[in-house]
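Reading through the structure tokens given below for one structure.
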Amino acid sequence: MLNFSPSCERNQQPILEQFQGLLADSRHVLEVGSGSGQHALFFARRFPWLTWQPTELIMNYGALQLNLMEEAVENVLPPQVLDVCQPRWDVDSADVVFTANTLHIMGWPQVECFFTGVGATLEPGGQLIVYGPFRYGGDYTSASNAGFDQWLKQRDPVSGIRDFEAVNALAEAVGLALRADVAMPANNQLLVWVKPEV
Ligand SMILES: C[S@@+](CC[C@H](N)C(=O)[O-])C[C@H]1O[C@@H](n2cnc3c(N)ncnc32)[C@H](O)[C@@H]1O
């Protein structure tokens, strides 16, 4: 598998346990920043009633496409190129948008684009599910997350662990309401917002 992610291997089971409650009545998942495709393959196999749409930046698209083709899971759709800041997200609407470990990699303008795109793409009644590390009240949830943030910023100054409050404000600005904030292993969170029915 190209671009194999050890953290995906570690977090997929705890995320699965949350998804069992969250995705029982869902139909179509749009995943933003699918990386290697490990999550797409793992979750699509366990939720066969879902269609799973993986997406990636053009620069990481080829590896994702190869990985998905090798496994050929029926309900994983061919990946699409998606940069959250492209003018229009050229994807089908979805009743779930999922992204893992992306908001601290993108710069803040891209995080803003992400929420604008989600606001336009998520169906009424749908859920946005975001997995990753966050700060609360300006504080890290652990010393290791503080160290991780330093490491991220040294590698790329525009990246960094996001403040939950700032991210939640972007979600609220596009009409989403926070439904759950679940503490996950390794000092990560699973954040779930819902878009009200019209
Ligand atoms: C740390 S990886 C996480 C990949 C995968 N979701 C996982 O959990 O292993 C961050 C991903 O965010 C994607 N990404 C970064 N900027 C992006 C953008 N502007 N639009 C869409 N995806 C982006 C990268 O291509 C990369 O695959």
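What follows draws every value from the coordinates through simple rules; no lab data is involved. No experiment lies behind these values; they were computed from the predicted model shown. Virtual Cβ from ideal backbone geometry, glycine too; neighbours counted across all protein chains shown.
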Item to check | Residues located in the stretch 65-83, provided they are outside any loop (DSSP other than H, G, I, E, B) and either within 16 Å of the ligand (Cβ to nearest atom) or touching a residue at least 24 places away in the same chain (Cβ under 8 Å) (or both) | outcome: Gln65, Leu66, Asn67, Leu68, Glu70, Glu71, Val76, Gln80, Val81
Checklist outcome for this item: Within the stretch 95-107, residues under 24 Å from Ser7 (Cβ atoms) and either assigned to a loop (DSSP other than H, G, I, E, B) or over 13 Å from the mean Cα position of the chain (by Cα) (or both) come out as Asn101, Thr102, Leu103, His104, Ile105, Met106, Gly107
Checklist entry - Mind checking which residues of the stretch 15-40 are within 12 Å of the ligand (Cβ to nearest atom), farther than 20 Å from Val118 by Cα and part of a helix (DSSP H, G or I)? => result Ile15, Gln38
Checklist entry - Is it true that Gln110 is touching a Cys at 6+ places or on another chain (Cβ under 8 Å) and without any contact (Cβ under 8 Å) to a residue 60 or more places away in the chain? => result yes
Checklist entry - Looking at Pro109, is it within 12 Å of the ligand (Cβ to nearest atom) and under 21 Å from Asn11 (Cβ atoms)? => result no
Checklist entry - Of the residues Ala173, Ala186, which single one is among the small types (Gly, Ala, Ser) and under 21 Å from Ser7 (Cα atoms)? => result Ala186
